[in-house]
Amino acid sequence: MVSRWASARSPRLLRTRAVLAGALVLGMGTTVTLAAWTDGEYGTASFTASTFGTESQTVSSSWASHTPAGSAATLAFNATAMSPTVSYYAWIDIRTTSTTSVDGAVELTGSSNNSGALVPALEYRAVRTPSTSTTCAATAFAGSPTWIVGPSYLAVTSVPGSPVSSAITAPSGTTPELRFCFEVRIQSGASNSYQGASAIVTWQFTATST
């Protein structure tokens, strides 16, 4: 026979056991979540920038990086006794350096650091020749050349508003060297006051990688 005390305690004891059982189930669920295995995968890569540089030469300057204007390559015009409309010619070759890894383009973009009383009387034209073996003379301007400046003459202080772009490739490419031929003369009808005057003109080419 169950005592009254035991009978009174039984419902309370059952409730306690039920609560403990619920807590045990909850605890087991939480433990499983925290114990989940994790792993990860990673990918890595290395990057290297390309290199792009140019150098130039003239008949009197060896291949080198002739920049800024203070160390410009000297174009040999041999124009020491100029007269109006008599043209003088000189060339400059441009190529990419041996470490260049991408192609690019070259444009005539400026005329600066000009000095001397003869500057206002000078005008010029320029063409890109078919190869660096082409003679820079009047024949380079005959027919249908690739005009960089022209066919009309410009003042030596000016460059075309829309520069002509010339493709240039890396050293292993098909066009590693470009030749630009310049023609300079004193304008027709120049004043007698320019007699004996002299000038220094510097042109700038800009090369941009592509």
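The values are calculated or read from the model by the stated rules, or taken from the named source; none is laboratory data. Everything numeric in this text was worked out from a predicted model, so none of it was measured. When we count neighbours, we look across all protein chains shown, and the Cβ atoms used for this are built from the backbone with ideal geometry, even at glycine. The area values use the complete protein model at the heavy-atom level, side chains included, leaving out ligands, DNA and RNA. Shrake-Rupley method; radii C 1.70, N 1.55, O 1.52, S 1.80 Å.
Kindly report the accessible area of region 136-210 per residue (heavy atoms of protein chains, probe 1.4 Å, no ligands, DNA or RNA), in Å². Spell out each step's value before the answer.
Numbers: 3930 Å² over 75 residues.
Spelled out: the 1.4 Å probe surface of region 136-210, per residue, equals 52 Å².
With every protein chain kept in the model, how would you rank Glu183, Glu177, Glu55, Glu41 by accessible area, 1.4 Å probe, largest at the top? Provide the component values of the computation, followed by the final result.
Working: Glu183 5, Glu177 70, Glu55 35, Glu41 165 Å².
My answer, sorted largest first, is Glu41, Glu177, Glu55, Glu183.
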The simple spin-label model distance between Thr175 and Thr132, using points 7 Å out along Cα→Cβ, in nm, is 1.5
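Restricting to Cα pairs below 8 Å that are 6+ residues apart, what does the relative contact order work out to for region 128-210? Please round to a whole percent. Please report the intermediate quantities before stating the final value.
Details: 42 pairs, mean separation 29.9, N = 83.
Relative contact order of region 128-210: 36 percent.
Please work out the FRET efficiency for the pair Thr208 and Thr146, using the Cβ-Cβ distance as r and a Förster radius of 22 Å; give the result to the nearest 0.05.
Values: r = 18 Å, r/R0 = 0.84.
Using R0 = 22 Å, I get an efficiency of 0.75.
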